[in-house]
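Reading through the structure tokens given below for one structure.
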Amino acid sequence: MAIYAGRTETPRLNKHIMTYEEMAARAKEQGNVQEDSPRVQQVFKDKVTFSQEGMKSAREMREYLNKNGLNSARDIKAEFEELDKQLRTKSMDYTNNFLSEMQEVINEEREAWGSEAAGHSFDNSLALMSKAYQVVHDRIVDEFAREDRETTYVIDKDTGARREETVDDRLAELDLAYDRHTTFVAASKKVMAQIKETFGGVKLPEKPKAIEKKTKEAYMEAVSEKNLQRMRQKADSFQDYRPQLSIGSYWENILRQIW
């Protein structure tokens, strides 16, 4: 199923419970259709008569079921509404959903920009990841702004009770997914720096641990509000998506060497 704003589509339940009058009207309509249709065979029905003892036994059974909460005439509508809320309550970690959705955006951007977005350089990787974050971020904001949006729920961490999900709840999930992914990227660049020095004979101007820290800083600054606003503007070139960083050209050149 397609992922949008960090979620797959939740199945919709038919919450309308038919009244006796509606069921009777439907049965009558079906009866009229059958009368107009060719008769293949005629079905004979037997009549059943209950004794006084049988009626008494039925009443006693009904009273027992009512007393013990087993009456089939329970509030079906309320149960459907509760089930619908359960289906729309966050029950798992959706990090993979967000990462999959951002990867789809990255693939679309690569296809749209062609050779400009090709390659896995520091600049391209940073621009693509931050652009994907911006697209999913704005999808979430738009999703919660829709008047016809189905209400979703989360379990409150403090009270343990179910409450309506807010746009800030969903954006916090996106931030967590982005943070986890970029932490992994930064750690992998530290390992790459160690490999270059140990096996490649390359003497880097900074320690691998410092490279890890600056990589993480670059990715987090790339999704600052200032950079997100730039990415929402029409771009004439893929380079227009390149985030503005404050780590300086010295560190940018070091990180380019690692990629």
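The values are calculated or read from the model by the stated rules, or taken from the named source; none is laboratory data. Everything quoted here is computed from the prediction, not taken from an experiment. Quick reminder, even Gly has a Cβ in these numbers, built from the backbone with ideal geometry, and neighbours come from all protein chains shown. With ligands, DNA and RNA removed, areas are computed over all heavy atoms of the protein, side chains included. Shrake-Rupley method; radii C 1.70, N 1.55, O 1.52, S 1.80 Å.
Report yes if A186 is surrounded by 14 or more Cβ atoms within 10 Å (Cβ to Cβ) and part of a helix (DSSP H, G or I), otherwise no. Yes, satisfied. Screening Q134 on (1) assigned to a loop (DSSP other than H, G, I, E, B); (2) more than 20 Å from G248 (Cβ to Cβ) shows it passes everything except condition (1). For region 219-234, does any single residue satisfy the condition of being assigned to a helix (DSSP H, G or I), crowded, with 16+ Cβ neighbours inside 10 Å and in contact with a Leu (Cβ under 6 Å, 6 or more places away or on another chain)? The answer is yes, given that some residue of region 219-234 is assigned to a helix (DSSP H, G or I), crowded, with 16+ Cβ neighbours inside 10 Å and in contact with a Leu (Cβ under 6 Å, 6 or more places away or on another chain). Of all the numbered requirements in (1) buried (at least 19 other Cβ atoms within 10 Å of the Cβ); (2) in a helix (DSSP H, G or I), L245 misses one, and that requirement is (2).
Comparison of V202, V191 shows that the only residue that is over 26 Å from R110 (Cβ atoms), among the β-branched types (V, I, T), over 27 Å from the mean Cα position of the chain (by Cα) and surrounded by 11 or more Cβ atoms within 10 Å (Cβ to Cβ) is V202. Specify the residue that is nearest to G114 (Cα to Cα); the eligible residues are those in region 242-258 that are in contact with a Leu (Cβ under 8 Å, 6 or more places away or on another chain) and not aliphatic (A, V, I, L, M). Only one residue tops the list, namely R242. For T152, the conditions (1) within 21 Å of the chain's Cα centre (by Cα); (2) open to solvent by less than 50 Å² (accessible area, probe 1.4 Å); (3) within 27 Å of W259 (Cα to Cα) all hold with the exception of (3).
Yes/no matrix, rows are residues, columns are (1) within 24 Å of E252 (Cβ to Cβ); (2) buried (at least 16 other Cβ atoms within 10 Å of the Cβ):
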| position | (1), (2) |
| --- | --- |
| L83 | no, no |
| T95 | no, yes |
| Q103 | no, no |
| W113 | yes, yes |
| A117 | yes, yes |
| R139 | no, yes |
| F144 | no, yes |
| D158 | no, no |
| R170 | no, yes |
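Scanning region 199-218 for residues that are in a helix (DSSP H, G or I) and either of a type in the set (A, V, I, L, M, F, W, C) or farther than 19 Å from Y178 by Cβ (or both) yields P208, K209, A210, I211, A218.
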